[in-house]
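Trainee: Quick one: this structure, given as structure tokens, is what I'll be asking you about.
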Amino acid sequence: MFRRRHTVALALLGVLALACDGAAADPAPTGRPKPSPGLPSSMAALGDSVTAGFGSCAVFVACSRNSWSTGGSDDVDSHYRRLREANPKIKGRARNFAFPGARAADLPAQARSAVDAGAQYVTVLIGANDACADDVASMTPVRTFRGHVDKALSILRKGLPKARVLVVSVPDLHRLWRLGHDEPAAVRAWNRGVCPSMLAKPTSTAAADDERRDRVAERIDAYDDQLAEACEAYGGHCRWDGGAVHGVRFSLDLVNKGDYFHPNVKGQNRLADVTYPGRFTW
């Protein structure tokens with residue numbers, strides 16, 4: 001969820017990212033349990049830097065091996081690893097199309113990639129970058145956000161009519177500010193330009209800054225409302241997380257110490273725990 005100014009830096013570190021992700025090879029299965037009927041044999045993840053695992057590896061780049069959704073690392077009990085335990089057929093068939101900086105406008109293209117991959121299960125986490133703009137006025141309008149989400153879900157419904165879709169709420173960035181605005185290390189990190197609409201002037205409690213943060217929080221709530229409604233309109237193959245991610249009581253030990261923003265391995269595990277779709281009738 002870094003601002004777009006980090007794109008160049010991420011590109012320069014791409015080789016390191018490949019090295020990090022290359023370590024994600026699945027361990028050989030210890031047994032061949034009979035798959036439960038209907039469990040997906042392939043999956044795809046759509047979204048931004050959170051789902052891409054940014055900042056969760058030894059290098060400060062995207063690290064999909066630690067993704068709460070498709071990660072294959074032994075350190076994260078991801079949706080993919082949980083499904084693989086019950087259905088070994090999914091082994092090696094988890095694709096992660098999320099990338100740092102992605103906004104709702106990027107979601108339709110990611111959805112097309114999921115269709116091309118033939119995913120039977122798709123996770124969607126989007127919206128933080130739409131709120132994390134240079135300023136409040138630059139945040140994605142709610143109607144525009146909904147339009148992009150509807151377009152992406154329409155692509156999935158048409159191209160993958162039997163696939164299950166999980167739509168996840170946007171993390172509570174206002175809570176993150178409340179936790180970290182008195183922490184010197186977090187303040188130093190945020191002052192480098194992390195999510196300025198919410199985290200600029202992190203130590204200020206001036207009325208104008210409090211109002212700015214409130215407006216960002218309200219926009220995120222509006223995005224969550226639209227995500228829930230879009231999932232309901234999709235039909236029975238879509239499940240909304242019920243605000244589970246937004247409701248996570250994040251503490252600073254769940255985010256990395258580089259930007260005090262993106263989940264570390266422990267945070268990725270927490271996201272996997274609260275979002276795993278145990279209530280799906282696969």
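The values are calculated or read from the model by the stated rules, or taken from the named source; none is laboratory data. None of the values given here were measured: they were computed from a predicted structure. Note that each Cβ is placed from the backbone with ideal geometry, even for glycine, and that neighbours are counted across all protein chains shown.
Trainee: Do you know which residues across segment 206-239 are outside any helix (DSSP H, G or I), among the small types (Gly, Ala, Ser) and either in contact (Cβ under 8 Å) with a residue 60 or more places away in the chain or touching a Cys at 6+ places or on another chain (Cβ under 7 Å) (or both)?
Mentor: Within segment 206-239, just Gly235 meets the criteria.
Trainee: While we're here: Tell me yes or no: at least one residue of segment 108-119 is of a type in the set (Lys, Arg), part of a helix (DSSP H, G or I), modelled with pLDDT of 95 or more and surrounded by 19 or more Cβ atoms within 10 Å (Cβ to Cβ).
Mentor: no
Trainee: Can I ask one more? Report, by residue number, each residue of segment 176-205 that is aliphatic (A, V, I, L, M) and assigned to a loop (DSSP other than H, G, I, E, B).
Mentor: Val194, Ala200 - these are the residues of segment 176-205 that are aliphatic (A, V, I, L, M) and assigned to a loop (DSSP other than H, G, I, E, B).
Trainee: Report yes if Arg212 is at pLDDT 95 or above and either crowded, with 21+ Cβ neighbours inside 10 Å or touching a Leu at 6+ places or on another chain (Cβ under 6 Å) (or both), otherwise no.
Mentor: Against the criterion (at pLDDT 95 or above and either crowded, with 21+ Cβ neighbours inside 10 Å or touching a Leu at 6+ places or on another chain (Cβ under 6 Å) (or both)), Arg212 does not qualify.
Trainee: So which residues in segment 260-282 are modelled with pLDDT of 95 or more, touching a Pro at 6+ places or on another chain (Cβ under 9 Å) and over 14 Å from Pro171 (Cβ atoms)?
Mentor: Asn269, the sole residue that qualifies.
Trainee: Any residue in segment 123-140 that is surrounded by fewer than 16 Cβ atoms within 10 Å (Cβ to Cβ), of a type in the set (D, E, K, R) and in contact (Cβ under 8 Å) with a residue 24 or more places away in the chain?
Mentor: yes
Trainee: Hey, another quick one. Take the residues in segment 226-249 that are within 23 Å of Gly180 (Cβ to Cβ) and of a type outside the set (Gly, Ala, Ser); name whichever of them is surrounded by the fewest Cβ atoms within 10 Å (Cβ to Cβ).
Mentor: That would be Arg249.
Trainee: State all residues of segment 131-164 that are assigned to a loop (DSSP other than H, G, I, E, B) and not polar (S, T, N, Q); if no residue qualifies, say none.
Mentor: Those that are assigned to a loop (DSSP other than H, G, I, E, B) and not polar (S, T, N, Q): Cys132, Ala133, Asp134, Asp135, Met139, Pro141, Leu160, Pro161, Lys162, Ala163.
Trainee: Anything in segment 250-266 that is without any contact (Cβ under 8 Å) to a residue 40 or more places away in the chain and either of a type outside the set (A, V, I, L, M, F, W, C) or surrounded by fewer than 16 Cβ atoms within 10 Å (Cβ to Cβ) (or both)? List them, or say none.
Mentor: Matches in segment 250-266: Asp253, Lys266.
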